[in-house]
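Contents: one structure, followed by commentary.
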């Protein structure tokens, strides 16, 4: 790796740490949805009409996070949009009318514990339309949660979740099915959340 490449990588890392801190401690504490949305969009996050991110969200690299229309991201959620390399596959895509409850963690980057240098593994997370993810669930890198699926509270999702299935547990396993005729709108988010 060339010296110039190392310098660029170091400066980029420091910049992303500053952005993360600003978004978490500054923007995430503002009790007004439209102000938070403005700053998240300013730093590159794509947020659809009617969608909101509640207070206290921990956002890593908003440039690689996309949220569809009428979706709600709960309080103190972690969204990991990191992609260290230009060609890597990290990032998060969240569909329309999707409800992600409080304290959910969605990771698109983790360490390879079998790697001698503890290298990063990055893989995109895709969450479809009309999905509900319960409080404190954890979604690991590379996971696809298809349309209408439900992830129960506290579940750890290590494998893809098929459309309209309900999963729960550690690791998450199928525990039920959901109706396939979903047409609801989540509506307006509560003020000061």
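A short reminder: the numbers here are calculations on the coordinates, not readings from a lab. Bear in mind that the values here come from a model prediction, so they are computed numbers and not experimental data. Positions of Cβ are generated from backbone atoms using ideal geometry, with glycine treated the same way; all protein chains shown enter the neighbour counts.
A few remarks follow.
- Just so you know, the Rg over Rh for the chain is 0.99, from Cα atoms, with Rh as the Kirkwood radius.
- At R0 = 30 Å, FRET efficiency that the Cβ-Cβ distance of residue 58 and residue 183 yields, to 0.05: 0.40
- Inter-label distance, nm, simple model (7 Å from Cα along the C-beta direction), residue 10/residue 41: 3.7
- When only alpha carbons of segment 18-59 are considered, Rg and Dmax amount to 9.2, 28 Å.
- Over segment 84-193, the fraction of Cα-Cα pairs per 5 Å bin, rounded to whole percents and listed from the shortest bin up, is 3, 12, 20, 23, 16, 13, 8, 3, 1, 1.
- Segment 32-84 pair-distance distribution - Cα-Cα, 10 Å bins, rounded %: 26, 65, 9, 0
- For segment 45-114 and segment 133-193, distance of Cα centres in Å: 14
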